[in-house]
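The values are calculated or read from the model by the stated rules, or taken from the named source; none is laboratory data. All of these numbers come straight from a predicted model, not from anything done at the bench. Cβ coordinates were reconstructed from backbone atoms using ideal geometry, including for glycine residues, and neighbour counts include every protein chain displayed. Quick note on the areas: whole protein, heavy atoms, side chains included, nothing else; ligands and nucleic acids left out. Shrake-Rupley method; radii C 1.70, N 1.55, O 1.52, S 1.80 Å.
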Amino acid sequence: MEARAYLKHVRISPRKVQIACDLIRGKDVATAAAILMNTPKAASEHLLKLLRSAAANAENNFEMDPAKLYVAQVFVTGGPIMKRVQPRAQGRAFRINKRTSHVTLVLKEKE
């Protein structure tokens, strides 16, 4: 049995979110929440909200024990890229890619 939560179209590049994801993978929910609260990364507040959502899903929808939950999987994939143009010298244009992320978090119960 597993509980999933998704976070889509987050306006942070997947590379930056991946750093915070690596910190909480395999940890229990309380430890992962503590790590995210004390990590000075932009993605940590989004991941903390996602972690709490997945824990609530597990408790309310699947009747899992909140004390036994751990982060079984957490991964990030790239979302749509917003393409912007910045003017440069001599009439040229410079492309700026504003990347977005889709994050998936899976919680399972320890046996």
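Criterion first (more than 21 Å from Arg4 (Cβ to Cβ) and more than 16 Å from the chain's Cα centre (by Cα)) does Phe62 satisfy it?
Working: more than 21 Å from Arg4 (Cβ to Cβ): no; more than 16 Å from the chain's Cα centre (by Cα): yes.
Considered against the rule, which asks whether it is more than 21 Å from Arg4 (Cβ to Cβ) and more than 16 Å from the chain's Cα centre (by Cα), Phe62 comes out as no.
For region 1-28, what are the residues that are in a helix (DSSP H, G or I) and either open to solvent by 60 Å² or more (accessible area, probe 1.4 Å) or among the polar types (S, T, N, Q) (or both)?
We begin by selecting, within region 1-28, every residue in a helix (DSSP H, G or I); these are 14-24.
The answer is Arg15, Lys16, Gln18, Ile19, Asp22, Leu23.
For the subset of region 65-93 comprising residues that are assigned to a strand (DSSP E or B) and in contact with an Asp or Glu (Cβ under 7 Å, 6 or more places away or on another chain), which member is most open to solvent (accessible area, probe 1.4 Å)?
Just the residues of region 65-93 that are assigned to a strand (DSSP E or B), to begin with: 69-78, 82-87, 93.
Now drop any that are not in contact with an Asp or Glu (Cβ under 7 Å, 6 or more places away or on another chain), which leaves 69-70, 72.
Working: Leu69: 3, Tyr70: 61, Ala72: 31 Å².
The residue in question is Tyr70.
Can you work out which of the residues in region 94-111 that are part of a loop (DSSP other than H, G, I, E, B) and under 30 Å from Ala30 (Cβ atoms) is most open to solvent (accessible area, probe 1.4 Å)? Walk me through it before giving the result.
In the first step, residues of region 94-111 are kept if they are part of a loop (DSSP other than H, G, I, E, B); the result is 99-100, 110-111.
Those still in the list that are under 30 Å from Ala30 (Cβ atoms) too: 100, 110-111.
On the way: Thr100: 10, Lys110: 105, Glu111: 214 Å².
By that ranking, first place goes to Glu111.
Which ones in region 96-111 are more than 14 Å from Arg15 (Cβ to Cβ) and touching a Lys or Arg at 6+ places or on another chain (Cβ under 6 Å)?
Selection gives Ile96, Val106, Glu109, Lys110.
In this structure, is Arg52 of a type in the set (Lys, Arg) and more than 21 Å from Leu107 (Cα to Cα)? Break it down into steps so the answer makes sense when it comes.
On the way: of a type in the set (Lys, Arg): yes; more than 21 Å from Leu107 (Cα to Cα): no.
When the stated conditions are applied, Arg52 does not pass them.
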